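Working notes, structure below.
Derivation of every value follows stated rules applied to the coordinates shown; laboratory data play no part. Nothing here was measured: the structure is a model prediction, and the numbers come from that model. Methodologically, a virtual Cβ is constructed for each residue, glycine included, from the backbone with ideal geometry; neighbour enumeration extends over all protein chains shown.
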Amino acid sequence: MRFIYYGHACFALEIGGKHLLFDPFISPNELAKAIDPQTVPADFILISHAHFDHLADAEAIAKRTDATIITNWEIYEYFKKKGFEKIFPMNVGGKADFDFGTLKCVIAQHSSSFPDGSYGGTAMGFVIKSQEGNLYYSGDTGLSLDMQLIPSFAVLNYAVMPIGDVITMGIEDAVRAAHMLSCHKVIGVHYNTWGTIELDKDKAFELFNRNGLELILPEIGSGMDL
Ligand code: NI
Ligand code: MN
């Protein structure tokens, strides 16, 4: 499994030659200026919730790549009305098999509305179980006891979680989440995009190390094998 970071909470997983693009938000992100969203590959686009910092580039990338959008029912309706046909609606608790593996949708403790204020369904996280490893992307969320249920579905190799605080978990709660998930490798996202979610990286690494956990903060635009 290959991980590519596009900044904020946008990343891709390459599994079995397929590109899974999560929460596309590239063109409005000052920190991701070096990335041209029109060159980002996608076979599937997974959208965790309707906030603009998770779907700003979804429409353009889906149009160009003909990728299948996987998201909750309300966001599915939104894209259907725009004329998209390749959309796979899911919802919290549901799982489905794809050619990259099994995908399960889990609850995220967060809100979800479109920029115009209309209802965006329930915010979700995703668990991917594949031949190349298992990964949990929490989406935007606060710490939740429900996270304890995830290891009974998949023994995780990696957890991708927000650590910027203020509007999601911060580093202290991400450490607690990692323990609940029985997952020692955390890829931190959703930080530094704006001044309010600035991260003290030294403090973050120190806290994770002290708790026997590995924090991974990939450079925007970089890829790594998981
Ligand atoms: Ni959000
Ligand atoms: Mn967000």
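Per 5 Å bin, what is the whole-percent P(r) computed from every C-alpha pair distance within the chain?
Here the calculated profile for the chain is 1, 7, 16, 21, 22, 18, 10, 4, 1, 0, 0.
Determine the sum of side-chain charges near Gly125: Lys and Arg each +1, Asp and Glu each -1, restricted to other residues whose C-beta is under 10 angstrom from that of Gly125.
-1
What translational D, rounded to a whole number of µm²/s, comes out for the range 77-178 from Stokes-Einstein when the hydrodynamic radius is the Kirkwood one over Cα pairs, at 20 °C and 1.002 mPa s?
Estimated via Stokes-Einstein, D reaches 145 µm²/s.
Residues of the range 35-78 with backbone nitrogen within less than 17 Å of a virtual label 7 Å along the Cα-to-Cβ line of Tyr119, please, listed as ranges.
Counting backbone N atoms under 17 Å from the label point, the list is 49-51, 72-78.
At most 14 other Cβ atoms within 10 Å plus a DSSP loop assignment makes a site exposed; report the longest stretch of the chain without any exposed trypsin sites (Lys or Arg not before Pro).
The segment 87-226 is the longest one with no such site.
Counting only helical runs of four or more DSSP H residues, what would the 222 nm mean residue ellipticity of the chain come to if each run contributes -39,500 (n - 2.57) and the total is spread over all its residues? Walk me through the numbers on the way to the answer.
Values: 6 runs with 46 residues, N = 226.
Counting only the DSSP helices, I get -5500 deg cm²/dmol.
P(r) tail for the range 147-226, what percent of Cα pairs lie past 23 Å?
Of the Cα pairs, 18 percent sit more than 23 Å apart.
Tell me, what is the percent relative contact order of the chain, built from C-alpha pairs under 8 Å that lie six or more residues apart?
This gives 18 percent for the chain.
Along the Cα-to-Cβ line of Ser152, 7 Å from the Cα, sits a label point; which residues in the range 94-137 have backbone N less than 16 Å from it?
Hits in the range 94-137 for Ser152 at 16 Å: 94-95, 105-107.
What list of ³J(HN,Hα) couplings, whole Hz, do you get for the range 155-166 from phi and the Karplus terms 6.51, -1.76, 1.60, once you set θ to phi - 60° and write x for glycine and proline?
Ordered by residue, 3J(HN,Hα) equals 6, 7, 8, 9, 10, 9, 9, x, 9, x, 6, 6 Hz.
Please report, in whole Å, how far the alpha carbons of the range 1-131 spread along each principal axis, starting with the longest.
In descending order, the Cα extents are 37, 32, 29 Å.
Report the full-extension gain for the segment Asn211 to Asn91: residue separation times 0.36 nm, less the Cα-Cα distance, to one decimal in nm.
Roughly 39.9 nm would be gained on extension.
Comparing Pro24, Pro162, Pro89, which has the greatest mean-square fluctuation in the GNM of the chain with Cα pairs linked when under 10 Å apart?
Highest fluctuation among the options: Pro89.
Considering only DSSP beta bridges with both partners in the range 1-52, what is the antiparallel share in %, to the nearest 5?
Roughly 75 percent of the DSSP beta bridges within the range 1-52 come out antiparallel.
Can you check what the net charge comes to around Tyr191, using other residues whose Cβ is under 11 Å from the Cβ of Tyr191 (Lys, Arg +1; Asp, Glu -1)?
Cβ neighbours under 11 Å give a net charge of -2.
If I model a spin label as a point 7 Å beyond the Cα along the Cα-Cβ vector, how far apart are those points for Arg64 and Ser222 in nm?
Once both label points are built, they end up 2.4 nm from each other.
Looking at the chain, identify the longest residue range that excludes and avoids all GluC sites (Glu not before Pro) in DSSP loops having at most 10 other Cβ atoms within 10 Å.
So the longest stretch without any such site is 86-218.
In whole Å, what is the distance between the alpha-carbon centres of the range 4-61 and the range 162-193?
Here the two parts' Cα centres lie 20 Å apart.
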